[in-house]
Every structure is written in structure tokens, then in C-alpha cells.
Amino acid sequence: MDGIDAVLHTATLHKPHVATHSRQAFVDANITGTLNLLDAAAQARVRAFVYTSTTSAFGDALTPRHAAPSTWITEEVVPSPKNIYGVTKVAAEDLCALAQRSQGLPCVVLRTSRFFPEPDDDPSARESYSDANLKANEFLYRRVDIEDVVSAHLCALERAAAIGFGRYVISATTPFRREDAEELRPDGRYP
């Protein structure tokens, strides 16, 4: 880290790796790897540490109970990871918060929505709709443009020292309002 001004930590085992890597590999890469970077960054007194996390951290919190309105996701929603990927990303976020509190390292966590193509999570959706239709729908309510992800990272680098520690959701702008949540899921499915 000698001579390094800021860290953009984007390295991770990702959700598709759940099927191909052990849970220990996720812990080693996503938690231990992050801890090693945080410690080195704090020791080198870098001015900013930006951690790329995921909206997968919300996990089961994204899906409302039967007959409940659609969930309105904000930074205040408590994560409920549903796989080792989400668990390790949330743990790494908490390590960032700890590094800021205990070592004074300015850390910003960006929980990004999907910004690269991959198959839909829901097998029944994949069977019912074409991949192109699913991706178009995903852009409407949970995907984000790569340019917005890059812009968020640049802003986080610039503002980390003033923020100290913060977690932010980076996602596409929704065409809906919070008060629309009741009507968005009357039949128990996503719109």
C-alpha cells in the first residue's frame, strides 16, 4: 500500500460462484481478503477505502411475505442474506465499519444492483419468460447502468473523508413511489 492514495475494493467471489466454490473459499476471499486490505490501507493511511458490495445483501428482505406489499428498499432495510455470498459481503461491510471506528479509515460501502448480464435468480421466471424480457424488466426495478456504478465509486472516493463511514444502495431509479408498494404485488408476484 506504500504510495497508494485510495482503494477501490471490487474483488470478490460472486453469486455465480456459489455453485462452484466452497463456503470457506467465500470466507477466505470476501472476508479475510477484505480484512487484509483494510488493515494494510489503515496502516498506509490511505485517504479513502470504497468497498463494492451488493444488493444481494438484502436477500430474503427483498421478497415480502405472501400478500404483503412490495418491499421498498433503502439503506435502512436490515440485510437478510440467503446464501454464503450475501453473508460474506455483509460481514465485509461490517469490517469496513469497524476499520473506520477503530482505525479511522474512511470507508464507503456501495451496495450495487446488478450491472452485468447473468441469468435471472428465479428458475420459474427463466422458464416463463425470455432472457431478454427478464433483463428488460430487471432494468425497470433493480438493475443499474455501469456508468452509474462508476460515477458512484468516483463520488465515494471524493467524499469518503467527509463521510467517515456510510452504506449506500446504487440501483436504477425506480419508476414507482413508496406509496405504490401496496398495488405492486396484489397477486403475490413481482410486477
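Computed from the coordinates by the stated procedures, all read-outs in this text should not be read as laboratory data. Values in this document were obtained by computation on a predicted structure and should not be read as measured data. Quick reminder, even Gly has a Cβ in these numbers, built from the backbone with ideal geometry, and neighbours come from all protein chains shown.
Here are the numbers:
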read-out	value
Placed amide H near residue 48: partners under 5 Å, 5+ positions off or other chain	7
Relative contact order for the chain, counting Cα pairs under 8 Å that sit 6 or more residues apart, in percent	26 percent
Estimated vicinal HN-Hα couplings, Hz - segment 129-134 in sequence order (Karplus 6.51, -1.76, 1.60; Gly, Pro = x)	10, 5, 4, 4, 5, 4
Linear extension gain, residue 131 paired with residue 45, 0.36 nm per residue minus alpha-carbon span	26.4 nm
Gap separating the Cα centres of segment 162-180 and segment 6-46, nearest whole Å	24 Å
Projected-area average for segment 6-184 over all orientations - Cα convex hull basis, square nanometres	10.9 nm²
Rough spin-label spacing in nm, given labels placed 7 Å along Cα→Cβ, for residue 61 and residue 148	1.9 nm
Additional length obtainable on full extension of the chain from residue 94 to residue 178, 0.36 nm per residue less Cα span	27.5 nm
Estimated [θ] at 222 nm from DSSP helical runs (n ≥ 4, -39500 (n - 2.57)) normalised by residues in the chain, nearest 500	-12000 deg cm²/dmol
For the chain, cysteines whose Cβ has no other cysteine Cβ within reach (under 4.7 Å)	155
